[in-house]
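Participant: Structure in structure tokens, see below.
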Amino acid sequence: MTTDEMTIISAIRNRLADEIGRDKFDIWFDHSVTWDLSGTTLCLGAPNSFNAERLKRVYQSKLRDVLSFLSQSHLNLSFKVAAEQPAEPASAEVTTQPPLSFAQKVSLTPATQVMPTHRPSAGLPNLIVGQSNHIAVSAAKSMLDRPGTISPLFIHGPSGSGKSHLLQAIWNKFRSRVKAGRAVYLTAEQFTTHFLESLQGNGLPSFRRKHRDVEVLIIDDIEFFVGKQATMIEFHYTVDTLIRSGKQLVFSAKLSPTEIHGLGTDLVARMASGLVCRVEAPDFSMRHEIAHQYCQYLGIDVDSAVINMLVDRVYPDARHIQGAINRIAVLQQLTGEKLSFEDAELQLADLFDRPRRNVRISDIENAVCDVFGVDCKQLKSMAKAKSISQPRMLAMWLARKYTRAAYSEIGDYFGKRAHNTVISAQQRVTDWIENDSLVSIPHGQCRVTEALRRCEAQFGT
């Protein structure tokens, strides 16, 4: 492949890892998948037909989004079984072009490395601490001083709040204290994958030794276990074994244990028996520090005015800010130019929140009722029918997005519900959006994103 082609693939791989998470990327894309860019076709080669079909079914849409993000929408995607690494074709001659616009340079200017291939090493000393996470960080430090006394430690909060980073920091600290293999960090998806693989042949005893004969077991994204009955049973026995042995358990999820439906009362009780801590999205000062720290890690020079714009206007969580900085890094390295404030505003416009008028909860309530054909009294009632509960959850989600009302205020407005109900509704709607789910409206169904767009149009955002 040419240098340009390798650069483009590097940018796509790094952006995809940021979008789906490094752990998922390592499982499904790293090492086992070949990447070949030839002309206008990007071909991914998987080791077997199962993996090839899964990549196409699960990740094709996400790859399309990444290509669009990097101004490579013209590329066609193909998936194939590639048991062997294909021979590298001879480098193609690159034709020189007349002066290009800033955006055109992105896809043509070569670079030796677009992005680092690994995340920065997480550690408690360099962890950014603020109002949103200080309780969880304090609990982690106390646990590290006396392992097993706070077990399990369960950390929950929205995406981008720093849960995974904190868990990795805890893991790194324990790894420096215990023998190799005695501190295990996994996502729930990895635990599930390894367990299912162990069922083939005689691998189950080895799997159990690996996960039960440890000093520390850290599991991220606990929600993934829901609906996977065999895995949940195995995980439940693993948790019981380690608790009886006085070992340290650390878990994370978007919701608290009692809010995750489908885990079973006994398992929920085990996970909630230690200390449950919530983390929130970082505040302004934390976001500012995160942005500066991430720029230093990438080794890029970004104008302070651009940093301030990102912190102020990009969706307020660490993941989105890092994604914006990743885009800046790609643009600056591919063009060899420092991004000006004007260019940054133009190239990152799709990441910024649109200007909003002052929206009240009552505006959202009226819009949702109009779109879904329900009465305001029904929205605030105790009715659990899907025709009422779906628009109610969407109204709560919109209230969190467009107002500064606290969870308790929103819950009180919609029928004096607990703040946990609002948190759960917010997560449910986020899941619907991620899965492109359908919701019922008068005279049919539509995608949840379309329903939200209609509601937003009603109150003028």
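The values are calculated or read from the model by the stated rules, or taken from the named source; none is laboratory data. None of these values were measured; they are calculated from a predicted model. For neighbour counting, all protein chains shown are included, and Cβ atoms are generated from backbone atoms with ideal geometry for every residue, glycine included.
Participant: Anything in segment 319-371 that is assigned to a helix (DSSP H, G or I), surrounded by fewer than 15 Cβ atoms within 10 Å (Cβ to Cβ) and within 20 Å of the chain's Cα centre (by Cα)? List them, or say none.
Facilitator: 350
Participant: Shifting gears a bit: Of the conditions (1) within 27 Å of residue 443 (Cα to Cα); (2) surrounded by 14 or more Cβ atoms within 10 Å (Cβ to Cβ); (3) basic (Lys, Arg), residue 386 clears all except one; give me its number.
Facilitator: Residue 386 satisfies all of (1) within 27 Å of residue 443 (Cα to Cα); (2) surrounded by 14 or more Cβ atoms within 10 Å (Cβ to Cβ); (3) basic (Lys, Arg) except (2).
Participant: When you check residue 294 against the structure, is it of a type outside the set (D, E, K, R), at negative phi and surrounded by fewer than 16 Cβ atoms within 10 Å (Cβ to Cβ), yes or no? Talk me through it step by step, then tell me what you get.
Facilitator: Working: of a type outside the set (D, E, K, R): yes; at negative phi: yes; surrounded by fewer than 16 Cβ atoms within 10 Å (Cβ to Cβ): no.
Considered against the rule, which asks whether it is of a type outside the set (D, E, K, R), at negative phi and surrounded by fewer than 16 Cβ atoms within 10 Å (Cβ to Cβ), residue 294 comes out as no.
Participant: Inspect segment 379-386 for any residue being outside any loop (DSSP other than H, G, I, E, B) and not small (Gly, Ala, Ser) and give the result as yes or no.
Facilitator: Restricting attention to segment 379-386, the residues satisfying the condition of being outside any loop (DSSP other than H, G, I, E, B) are 379, 386.
Subsequent filtering for residues that are not small (Gly, Ala, Ser) retains 379, 386.
Yes.
Let's see how each residue does on (1) of a type in the set (A, V, I, L, M, F, W, C); (2) more than 25 Å from residue 427 (Cβ to Cβ); (3) without any contact (Cβ under 8 Å) to a residue 60 or more places away in the chain; (4) out of contact with any Gly (no Cβ under 9 Å at 6 or more places or on another chain):
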{"site": "200", "(1), (2), (3), (4)": "no, yes, yes, yes"}
{"site": "204", "(1), (2), (3), (4)": "yes, yes, yes, yes"}
{"site": "234", "(1), (2), (3), (4)": "no, yes, yes, yes"}
{"site": "241", "(1), (2), (3), (4)": "no, yes, yes, yes"}
{"site": "260", "(1), (2), (3), (4)": "yes, no, yes, yes"}
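Participant: Return the total of residues in segment 115-152 being among the small types (Gly, Ala, Ser), surrounded by fewer than 18 Cβ atoms within 10 Å (Cβ to Cβ), part of a loop (DSSP other than H, G, I, E, B) and at pLDDT 85 or above.
Facilitator: Of the residues in segment 115-152, 1 are among the small types (Gly, Ala, Ser), surrounded by fewer than 18 Cβ atoms within 10 Å (Cβ to Cβ), part of a loop (DSSP other than H, G, I, E, B) and at pLDDT 85 or above.
Participant: Taking segment 190-218, which residues are over 23 Å from residue 28 (Cβ atoms) and buried (at least 16 other Cβ atoms within 10 Å of the Cβ)?
Facilitator: Correct list: 208, 212, 214, 215, 216, 217.
Participant: Considering segment 410-422 alone, what residues qualify as being over 15 Å from residue 382 (Cβ atoms) and touching a residue at least 24 places away in the same chain (Cβ under 8 Å)? So that I can check it myself, show each step before the final result.
Facilitator: Just the residues of segment 410-422 that are over 15 Å from residue 382 (Cβ atoms), to begin with: 410, 419-420, 422.
Hits for segment 410-422 are 410, 420, 422.
Participant: Please specify each residue of segment 153-178 satisfying the condition of being hydroxyl-bearing (Ser, Thr, Tyr) and either in contact with a Lys or Arg (Cβ under 8 Å, 6 or more places away or on another chain) or crowded, with 20+ Cβ neighbours inside 10 Å (or both).
Facilitator: Let us first name the residues in segment 153-178 that are hydroxyl-bearing (Ser, Thr, Tyr), namely 159, 161, 164, 176.
Selection gives 159, 161, 164.
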